[in-house]
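A.B. asks: My questions all concern the structure below.
What follows is calculated from the coordinates using simple rules that are stated; it is not laboratory data. A quick note: this is a predicted structure, and the numbers were derived from the prediction, not measured. Every residue, glycine among them, receives a Cβ derived from its backbone with ideal geometry; neighbour counts consider all protein chains shown.
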Amino acid sequence: MGRGKIEIKRIENTTNRQVTFSKRRAGIIKKAKELTVLCDANVSLILFSSTNKFFEYCSPTTTMKAMVDRYQQVSGTNLWDAQYESMQQKLAELKEKNEKLRKSIRQRYGNELDGLSYTELCGLEQNLSDALQKIRSTFVAKIGRSIDTSKKKLRSAHKNKIAVFGDVHEEMGCAYEESEEDYETMVAMSSGSGSGAQLFPIQLPPAGAAAAPHLNLHQRGYGCHDLRLA
């Protein structure tokens, strides 16, 4: 039983349409390759799907550009004339726009003002005034941000300074208290330069206690020349 003849019309189902395109695209490219090999023909094939996907095939013995140039020569048509004219028109528009911008810049520098009318001069003055105002606003904003940053840095440095000096004062206070306690039991040292220098501990009476009788060092056998308080 042979295949049934299908009606050639647009396939409404999107999925079926894409599947049919993929199958027939592969088939037509295969036929183009076979035609190239069997008949020694130059074949060029360009395909665009409904989703604007591009596919092409060209015989290995030629290039797509060579095929297009050959087509123009044989058919007597020029495919690039319309595109060239469009590009020339676009170029002229860009040149005109560029010249207007350059002239506007020169006028902002105070040049080529003789040909301007009173209204145009007023408009130019207003534009310059607006531009100057924007520049000043931006300048003031940047200065303000710079000042805020400097203030933050100063506050941070001040806090660090207070913290460092606080630690130093605390250490000095602790050392001072320890020195007062040690003073109560300090050691008297003999500072004589001779080899008979000795250490003599002296116990002082605690603070608040009654005054002890006067210590007579002579009674203990110490001469005035034998003892020196450090």
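A.B. asks: Taking the stretch 7-109, which trypsin sites (Lys or Arg not before Pro) meet the DSSP loop condition and have no more than 14 other C-beta atoms within 10 Å?
C.D. replies: Working: sites: Lys9, Arg10, Arg17, Lys23, Arg24, Arg25, Lys30, Lys31, Lys33, Lys53, Lys65, Arg70, Lys90, Lys95, Lys97, Lys100, Arg102, Lys103, Arg106, Arg108; in loops: Lys9, Arg10, Lys53.
For trypsin sites (Lys or Arg not before Pro) across the stretch 7-109 that sit outside H, G, I, E and B with at most 14 neighbouring Cβ atoms in 10 Å, the list reads Lys9, Arg10, Lys53.
A.B. asks: Still on this structure, please answer the following. Over 24 Å between C-alpha atoms is what I'm after, so list which of Lys31/Lys53; Lys30/Lys65; Lys5/Lys33; Lys5/Lys30; Lys33/Lys53; Lys23/Lys65 land there. Mind showing how you got there, number by number?
C.D. replies: Numbers: Lys31/Lys53 21 Å; Lys30/Lys65 22 Å; Lys5/Lys33 26 Å; Lys5/Lys30 22 Å; Lys33/Lys53 21 Å; Lys23/Lys65 27 Å.
Over 24 Å Cα-Cα: Lys5/Lys33; Lys23/Lys65.
A.B. asks: Moving on. May I ask you to evaluate 6.51 cos²θ - 1.76 cosθ + 1.60, the Karplus curve with θ = phi - 60°, for each residue of the stretch 80-89 and list the ³J(HN,Hα) values in order in whole Hz, giving x for glycine and proline?
C.D. replies: Residue by residue, the stretch 80-89 yields 9, 4, 5, 5, 5, 5, 5, 5, 5, 5 Hz.
A.B. asks: Okay, moving on. Can you tell me how the stretch 116-175 classifies by the Cα gyration tensor, rounded, prolate or oblate, using a/c under 1.5 as the rounded cut?
C.D. replies: prolate
A.B. asks: How long is the gain from Ala32 to Ser156 if the chain were fully straight, where each residue apart is worth 0.36 nm and the alpha carbon distance is subtracted?
C.D. replies: Roughly 36.7 nm would be gained on extension.
A.B. asks: List the lysines whose alpha-carbon lies under 17 Å from that of Lys152, not counting same-chain residues fewer than 8 positions away?
C.D. replies: By straight Cα distance, Lys152 reaches Lys142, Lys161.
A.B. asks: OK, next. Counting Lys and Arg as +1 and Asp and Glu as -1, what is the net charge of the other residues whose Cβ lies under 14 Å from the Cβ of Asn98?
C.D. replies: Charge balance near Asn98 sits at +4.
A.B. asks: Next question, about the same structure. For a Förster distance of 41 Å, can you work out the FRET efficiency between the beta-carbons of Met87 and Glu7, rounded to the nearest 0.05? Intermediate results must be reported in sequence, preceding the final value.
C.D. replies: Numbers: r = 44 Å, r/R0 = 1.08.
It comes out at approximately 0.40.
A.B. asks: Where a ≥ b ≥ c are the square roots of the eigenvalues of the C-alpha gyration tensor, would you call the stretch 15-165 rounded, which needs a/c under 1.5, or, failing that, prolate if a/b is larger than b/c, or oblate?
C.D. replies: oblate
A.B. asks: Quick one: compute the contact order of the stretch 14-78, relative version, from alpha carbon pairs under 8 angstrom and 6+ residues apart, as a percent.
C.D. replies: So the answer I get is 21 percent.
A.B. asks: Considering only Ser50, Pro60, Val74, whose Cα is most displaced toward the positive end of the charge dipole of the stretch 14-78, charges sitting on Cβ of Lys, Arg (+1) and Asp, Glu (-1)?
C.D. replies: Final value for the positive-end residue is Ser50.
A.B. asks: Mind giving me the nanometre distance, one decimal, between the label points for Ser22 and Arg108, set 7 Å out from Cα along Cα→Cβ?
C.D. replies: The answer from the label model is 5.6 nm.
A.B. asks: For the stretch 21-35, what does the Karplus curve 6.51 cos²θ - 1.76 cosθ + 1.60, with θ = phi - 60°, yield as ³J(HN,Hα) per residue in whole Hz, taken in order and with x for Gly and Pro?
C.D. replies: Calculated HN-Hα couplings, in order: 5, 4, 5, 6, 5, 4, x, 6, 5, 5, 5, 5, 5, 5, 5 Hz.
A.B. asks: Let's see if you can work this out: charge +1 on each Lys and Arg Cβ, -1 on each Asp and Glu Cβ, no other charges. What is the dipole magnitude of the stretch 7-88 about its Cα centre, in debye to the nearest 20? Write down the numbers at each step before the final one.
C.D. replies: Numbers: 12 positive and 8 negative charges, 106 e Å.
Dipole size: approximately 500 debye.
A.B. asks: As I understand it, the dipole of the stretch 89-154 uses +1 on the Cβ of Lys and Arg and -1 on the Cβ of Asp and Glu, about the Cα centre. Which of Leu154, Ser104, Asn127 lies farthest toward its positive end?
C.D. replies: Leu154
A.B. asks: Can you put Leu45, Leu128, Leu94 in order, fewest other beta carbons within 10 Å first?
C.D. replies: Fewest to most other Cβ atoms nearby, the residues stand as Leu94, Leu128, Leu45.
A.B. asks: Could I ask something else about it? Rounded, prolate or oblate: which fits the stretch 14-78, taking a ≥ b ≥ c as square roots of the Cα gyration tensor eigenvalues, rounded meaning a/c under 1.5, else prolate when a/b beats b/c?
C.D. replies: oblate
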